[in-house]
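To start, the structure under review is shown below, and the notes come after it.
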Amino acid sequence: MRGSLLHKVLRPPRPQSIHCQSRKFHSSSRRRTKVDAHPPSESKPKSALVFPGQGTQKVGMLNDLQKNFPRTVNPILEAVDATIASIDPSPYSQMSRSLTEIIREGPSRLLTETENAQPAIVTTSICILKVLQQDFGYDVSSKVDYHLGHSLGEFAALVSSGALSFRDTIKIVRQRGEIMASASRSHGEEGELGMVALITPAKRLPELIANIEELLHRGDPDEIFGCGDRCVHIANINSSTQIVLSGHIQGIQHLLKHLRKWSGQDPRAIRLNVSAPFHSMIMAPSIRVVSDALAKCDLNFPELCTVLSNVTARPYQSAEEIRQVLPKQVVETVRWYDSIKYLDEEQNVRRWINIGPGVKVGRNLIGKEVKGGMESVVSIGEDMDGKAFEEVVKKLEDWP
């Protein structure tokens, strides 16, 4: 597909500012016919369970959990390997070793491949959650009001809420990862692919987004990207100071040069440790895979908790909405900042439980944006022993 056509397909409503996006989502949520399960209330502080996305994987990330909590973790790992082995052989599959072996022994290059990283990260997140529940008696269903996850982490959030079974989720993210990897290999023949985070002062971020949108949707692709085939998309709006671009690296580099030349903006650019350009149209082939898989799954829409969608930055209102919106997440912008601000400002969330590998990054993305600051975020990572879990549970229980 030529670049000009890609940009037409990619074109979302152009945000004038982050706050304008929030108002757009707020008004759409008011039009919903179903009332939120948790209306705003200043009298009862609420809790949110948060899961990380791709890029947080590392070799050996389950070793400590498996050593310290074998009765809880080993059955989960056995179930993961059995589930992946039960999937019909795929022409896209590149894996000859078990996933748990790759997590345990690496190499890092193999674990980072998206068909391995996606189920590995979800597995690690759910292992931590199950240790918290089964070994330390923390009742998520009665103590957590909202579940959300960054990008891939949304699947872990659906598991923790009870909307999706763990087995179905592992199948979906494994197959989703295979198709994403295949799409990346196909488009990679046209040039290197990846994702780049841009960091800028908060007061300049709305202008940065507007300028990038202007270049993406109204500029000449040959002039901006150096080649009409270069696909670039705003993949994530992570915080008041950070967004992520996704697509062809050469296209991103050309866009940044154009941005510096014509707008005077020079954001700090950091290449991310991922193997594919997530949340760009390059990932479109996986939409149907996820949609077909969800059609075969039993979705138990949670009545006592709420799962936020990355696409809308608002709670899902029905199982049918999950089936319609979740597959599109792979090509849509992750509205993470809007999600956090919605929970912080409108739903009175004051306790953030950050679970999964690489939780330090997620803690920063939340703690720097919410009213309670870093003190309102508790991180539960993959390297914690029994004593560390006990301390965390005590803090959770002591929270007002």
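The values are calculated or read from the model by the stated rules, or taken from the named source; none is laboratory data. Just so it is clear, the structure is predicted and the values come from calculations on it, not from any experiment. Every residue, glycine among them, receives a Cβ derived from its backbone with ideal geometry; neighbour counts consider all protein chains shown.
Would you check if there is a residue in the stretch 298-305 being in the same structural domain as Asn211 (by TED's automatic domain parsing) and buried (at least 20 other Cβ atoms within 10 Å of the Cβ)? Among the residues of the stretch 298-305, not one is in the same structural domain as Asn211 (by TED's automatic domain parsing) and buried (at least 20 other Cβ atoms within 10 Å of the Cβ), which makes the answer no. Scanning the stretch 371-386 for residues that are surrounded by fewer than 22 Cβ atoms within 10 Å (Cβ to Cβ), among the hydrophobic types (A, V, I, L, M, F, W, C) and either in contact (Cβ under 8 Å) with a residue 12 or more places away in the chain or within 14 Å of Val131 (Cα to Cα) (or both) yields Val378, Met384. Is there any pair with a first residue in the stretch 120-132 that is in contact (Cβ under 8 Å) with a residue 24 or more places away in the chain and a second that is among the charged types (D, E, K, R) whose Cβ atoms are under 9 Å apart and which are 6 or more apart or on different chains, and what are they? Note: pairs meeting the criteria are Thr124/Glu382; Ser125/Glu382; Cys127/Glu382; Ile128/Glu382. Between Arg185, Arg204, the distinction of being surrounded by fewer than 20 Cβ atoms within 10 Å (Cβ to Cβ), without any contact (Cβ under 8 Å) to a residue 60 or more places away in the chain, farther than 15 Å from Gly53 by Cβ and of a type in the set (Lys, Arg) belongs to Arg185 only.
Here's the yes/no breakdown for (1) under 19 Å from the mean Cα position of the chain (by Cα); (2) small (Gly, Ala, Ser):
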position	(1), (2)
Ser318	no, yes
Gln324	yes, no
Asp338	yes, no
Lys368	yes, no
Met374	no, no
Asp385	no, no
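Among all residues of the stretch 326-339, there is at least one that is surrounded by fewer than 20 Cβ atoms within 10 Å (Cβ to Cβ), assigned to a helix (DSSP H, G or I) and at pLDDT 95 or above.
The requirement of being at pLDDT below 95, small (Gly, Ala, Ser) and in contact with a Pro (Cβ under 6 Å, 6 or more places away or on another chain) is satisfied by Gly358. Taken over the stretch 188-201, the residue count meeting the criterion of being in contact (Cβ under 8 Å) with a residue 24 or more places away in the chain and more than 20 Å from the chain's Cα centre (by Cα) is 5. Any residue at all in the stretch 141-163 that is more than 15 Å from the chain's Cα centre (by Cα), farther than 30 Å from Glu346 by Cβ, surrounded by fewer than 22 Cβ atoms within 10 Å (Cβ to Cβ) and among the hydroxyl-bearing types (Ser, Thr, Tyr)? Within the stretch 141-163, none of the residues are more than 15 Å from the chain's Cα centre (by Cα), farther than 30 Å from Glu346 by Cβ, surrounded by fewer than 22 Cβ atoms within 10 Å (Cβ to Cβ) and among the hydroxyl-bearing types (Ser, Thr, Tyr). Among all positions in the stretch 106-129, there is no residue which is of a type in the set (Lys, Arg), surrounded by 15 or more Cβ atoms within 10 Å (Cβ to Cβ) and in a helix (DSSP H, G or I).
Considering the stretch 228-303, the qualifying strands (runs of 3 or more DSSP E), each wholly inside and each with 3 or more residues that are aliphatic (A, V, I, L, M), run over 232-237, 242-248. Condition (residue is modelled with pLDDT of 95 or more, more than 17 Å from the chain's Cα centre (by Cα) and aromatic (Phe, Trp, Tyr)) applied to the stretch 121-136: is it met by at least one residue? Yes: one or more hits.
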